[in-house]
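Q: Shown below is the structure under consideration.
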Amino acid sequence: TRPGPLAGRRIVITSGPTHEPIDPVRYIANRSSGKQGHAIAAAAAAAGATVVLVAGPVTIADPPGVMVVHVETAREMLAAVEAALPADVAVMAAAVADWRVASEADEKIKKGPAGAPALNLVENPDILATVGRHPTLRPRLVVGFAAETENLIANATAKLERKGADLIVANDVSPETGIMGGDRNTVRIVAREGIEDWPDLPKAAVADRIVALIADRLGRA
Ligand code: C5P
């Protein structure tokens, strides 16, 4: 093991979007650059942790010193996360698509006189909730994200309970903030013990602070 505040710890992190195929050329996705999740993976590795990063389709590079599993869909992401357990910590930063089409078309859907196709959507598994409520392999510390455009704290607090998380990193992703796809982030840390407001920081600095918070929480045992 490498030295550092997370030496000997194993962390599984999700990052990026998922793509849910409609047909061989089309998909449903959420917006996500993967920058914040990848930065947390890099920071955790630099802090000495063994890091498994489960990454959806992103255009940024794999962080150094990290085991990266590349996936496309939410179901693949869940399977990769479950395969990476047991772990001390889970940080679920991916923007997972909430829905997928019930049955993916084998061939490209053609435009035609019948008009636009109706998409029959079904819900994807909730990876954070699966990990946070896992009966046998729940990590000691489970961290989720809440990207919201309104009612930030109320939504983040509800997520903490519903998904069995210990911490929610909440951020306002209204378009005017520039956070989505950008290099800076303004977050609030929502825990049962209370809420912390962090200043506007580069995503790498937010990642360092999240890793310090994780080390602190694990250390308190
Ligand atoms: O419910 P919502 O998508 O806003 O919750 C966000 C949090 O839940 C994030 O941590 C995200 O990674 C996680 N999530 C997940 N699987 C889903 C949906 C969200 O892990 N299907």
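The numbers here are math on the coordinates, done by the rules we state, and not lab data. Not measured: the values here are computed from a predicted model. Here Cβ is always computed from backbone atoms with ideal geometry, including for glycine, and neighbour counts include all displayed protein chains.
Listed here are the residues, each with its yes/no results for (1) under 19 Å from the mean Cα position of the chain (by Cα); (2) away from the ligand (no atom under 13 Å from the Cβ).
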{"site": "157", "(1), (2)": "yes, no"}
{"site": "165", "(1), (2)": "yes, no"}
{"site": "169", "(1), (2)": "yes, no"}
{"site": "173", "(1), (2)": "yes, no"}
{"site": "177", "(1), (2)": "no, yes"}
{"site": "182", "(1), (2)": "yes, yes"}
{"site": "197", "(1), (2)": "no, yes"}
{"site": "207", "(1), (2)": "yes, yes"}
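Q: So for segment 51-74 (the condition being among the polar types (S, T, N, Q) and under 21 Å from residue 214 (Cα atoms)), does at least one residue qualify?
A: Within segment 51-74, none of the residues are among the polar types (S, T, N, Q) and under 21 Å from residue 214 (Cα atoms).
Q: Would you tally the residues in segment 128-165 being out of contact with any strand residue (DSSP E or B) (no Cβ under 8 Å at 6 or more places or on another chain) and not acidic (Asp, Glu)? Spell out the reasoning first.
A: Filtering segment 128-165 down to residues out of contact with any strand residue (DSSP E or B) (no Cβ under 8 Å at 6 or more places or on another chain) leaves 129-130, 133-138, 150-151, 154, 158, 161-162.
Then keep just the ones that are not acidic (Asp, Glu); that gives 129-130, 133-138, 151, 154, 158, 162.
Selection size over segment 128-165: 12.
Q: One residue is enough: does segment 46-54 have a residue meeting the conditions out of contact with any strand residue (DSSP E or B) (no Cβ under 7 Å at 6 or more places or on another chain), part of a loop (DSSP other than H, G, I, E, B), crowded, with 17+ Cβ neighbours inside 10 Å and touching a residue at least 60 places away in the same chain (Cβ under 8 Å)? Outline the logic, then answer.
A: So the first thing to find is which residues in segment 46-54 are out of contact with any strand residue (DSSP E or B) (no Cβ under 7 Å at 6 or more places or on another chain), and the list is 46-48.
Next, from what is left, pick out any that are part of a loop (DSSP other than H, G, I, E, B): 47-48.
Keeping just the survivors that are crowded, with 17+ Cβ neighbours inside 10 Å gives 47-48.
With touching a residue at least 60 places away in the same chain (Cβ under 8 Å) added as a condition, the list becomes 47.
Yes, segment 46-54 contains a residue that is out of contact with any strand residue (DSSP E or B) (no Cβ under 7 Å at 6 or more places or on another chain), part of a loop (DSSP other than H, G, I, E, B), crowded, with 17+ Cβ neighbours inside 10 Å and touching a residue at least 60 places away in the same chain (Cβ under 8 Å).
Q: Give me a count of the residues in segment 120-134 that are in contact with a Phe, Trp or Tyr (Cβ under 9 Å, 6 or more places away or on another chain) and surrounded by fewer than 17 Cβ atoms within 10 Å (Cβ to Cβ). Steps first, please.
A: Let us first name the residues in segment 120-134 that are in contact with a Phe, Trp or Tyr (Cβ under 9 Å, 6 or more places away or on another chain), namely 121-124, 128.
With surrounded by fewer than 17 Cβ atoms within 10 Å (Cβ to Cβ) added as a condition, the list becomes 121-123.
Residues flagged as in contact with a Phe, Trp or Tyr (Cβ under 9 Å, 6 or more places away or on another chain) and surrounded by fewer than 17 Cβ atoms within 10 Å (Cβ to Cβ) within segment 120-134 amount to 3.
Q: Which ones in segment 183-219 are of a type in the set (Asp, Glu) and free of Cβ contacts under 8 Å to residues at least 24 places away in the same chain?
A: Going through segment 183-219, the residues of a type in the set (Asp, Glu) turn out to be 183, 193, 196-197, 200, 208, 216.
193, 196, 197, 200, 216, listed by residue number.
Q: Can you pull out the strands (runs of 3 or more DSSP E) entirely within segment 135-221 that have at least 2 residues that are under 22 Å from residue 9 (Cβ atoms)? Outline the logic, then answer.
A: Working: elements: 141-148, 167-172, 187-191, 194-197.
Answer list for segment 135-221: 141-148, 167-172, 187-191.
Q: Further question on the same structure: Quick one: which strands (runs of 3 or more DSSP E) lie wholly within segment 58-129 and hold at least 1 residues that are more than 21 Å from residue 31 (Cα to Cα) and within 16 Å of the ligand (Cβ to nearest atom)? Steps first, answer last, please.
A: On the way: elements: 67-70, 89-92, 99-101, 121-123.
In segment 58-129, the matching strands (runs of 3 or more DSSP E) lie at 89-92.
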